[in-house]
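Engineer: Dropping a structure here in structure tokens format, bear with me for questions.
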């Protein structure tokens, strides 16, 4: 039951230029993991398996792929010195950490990520991602075939271990973008990840955006501005308001009305 595909996915936003671009231009912003509030996001952990020759070839291939260019002969020679210097277990461990930091610096910057949740009423997420409940939460129809390719995030106690000489490294490194600590499990996150669009936007079919929820503490002037944006959209949307529950810590999502472009 817990793995059942949700009907809707939600995106919490500050009420800012990025949120307005989503509503006005039907664009989603793909951020790099280095800008996220989790320093462990998209991190990497290699094991020590493999010979110096295997480490050298795999490292060169991986750096070239992540850099999207071939390394020069001088760069290869420099890497060879660093890798072949590791003859003891202690040095190999240092080598592993060095390569991890280098690759991780690229994995955290070389893929654009857009985050969603199947939760629309999580108090913490409203606080973290919608500027203390003053922002909005966008409702997307995940059942619509036009929804962009997305994957569910899995939550683990440990980093997924990677053998640098494994021929399937590319797929395993991609998995890093969809693996987070169990501490974040309450977010029930889904992600778009695109290595070709970083710190930029992708367009989406306007039909998949079906609703907007105003934060419980959203300012009246911002609500009015939001309504003006919704009134100009080419597809119908439902506007909701998050309200505090009366007798418990929680939110009720109340419908305000529907907006149809005429």
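Engineer: Answer with yes or no whether residue 129 is in contact (Cβ under 8 Å) with a residue 40 or more places away in the chain and under 14 Å from the mean Cα position of the chain (by Cα).
Structural biologist: yes
Engineer: Look at region 107-143 and say how many of its residues are more than 23 Å from residue 205 (Cα to Cα), in a loop (DSSP other than H, G, I, E, B) and modelled with pLDDT under 95.
Structural biologist: Summing the residues that are more than 23 Å from residue 205 (Cα to Cα), in a loop (DSSP other than H, G, I, E, B) and modelled with pLDDT under 95 in region 107-143 gives 3.
Engineer: For residue 23, are the conditions met, namely being under 20 Å from residue 117 (Cα atoms) and in contact with a strand residue (DSSP E or B) (Cβ under 6 Å, 6 or more places away or on another chain)? Lay out the reasoning, then the answer.
Structural biologist: Values: under 20 Å from residue 117 (Cα atoms): yes; in contact with a strand residue (DSSP E or B) (Cβ under 6 Å, 6 or more places away or on another chain): no.
In short, no.
Engineer: Another question, then. So, in region 55-82, exactly how many residues are in contact with a helix residue (DSSP H, G or I) (Cβ under 9 Å, 6 or more places away or on another chain) and not in a helix (DSSP H, G or I)?
Structural biologist: 2
Engineer: Taking the options 186, 247, name whichever one is within 30 Å of residue 33 (Cα to Cα) and assigned by TED's automatic domain parsing to the domain that holds residue 126.
Structural biologist: On inspection, the qualifying residue turns out to be 186.
Engineer: Collect the residues in region 3-39 that are within 22 Å of residue 180 (Cβ to Cβ), touching a helix residue (DSSP H, G or I) at 6+ places or on another chain (Cβ under 9 Å) and surrounded by fewer than 20 Cβ atoms within 10 Å (Cβ to Cβ), keeping them in residue-number order.
Structural biologist: Within region 3-39, 14, 29, 34, 37, 38 qualify.
Engineer: Whether any residue in region 45-54 is part of a helix (DSSP H, G or I), at pLDDT 75 or above and more than 29 Å from residue 187 (Cα to Cα) is what I want to check.
Structural biologist: Looking through region 45-54, at least one residue is part of a helix (DSSP H, G or I), at pLDDT 75 or above and more than 29 Å from residue 187 (Cα to Cα).
Rundown of residues vs (1) free of Cβ contacts under 8 Å to residues at least 60 places away in the same chain; (2) more than 15 Å from residue 137 (Cα to Cα); (3) assigned to a helix (DSSP H, G or I), yes/no style:
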{"site": "5", "(1), (2), (3)": "no, yes, no"}
{"site": "9", "(1), (2), (3)": "no, no, no"}
{"site": "12", "(1), (2), (3)": "no, no, no"}
{"site": "21", "(1), (2), (3)": "no, no, yes"}
{"site": "24", "(1), (2), (3)": "no, yes, yes"}
{"site": "30", "(1), (2), (3)": "no, yes, no"}
{"site": "34", "(1), (2), (3)": "no, yes, yes"}
{"site": "38", "(1), (2), (3)": "no, yes, no"}
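Engineer: Do we have residue 77 as outside the structural domain of residue 231 (by TED's automatic domain parsing), touching a residue at least 40 places away in the same chain (Cβ under 8 Å) and over 19 Å from the mean Cα position of the chain (by Cα) here? So that I can check it myself, show each step before the final result.
Structural biologist: Numbers: outside the structural domain of residue 231 (by TED's automatic domain parsing): yes; touching a residue at least 40 places away in the same chain (Cβ under 8 Å): no; over 19 Å from the mean Cα position of the chain (by Cα): yes.
No; evaluated as a whole, the condition is false for this residue.
The values are calculated or read from the model by the stated rules, or taken from the named source; none is laboratory data. It should be emphasised that the depicted structure is a prediction, and the values quoted were computed from it without experimental measurement. FYI the Cβ positions are ideal-geometry reconstructions off the backbone, even for glycines, and counts take in every protein chain you see.
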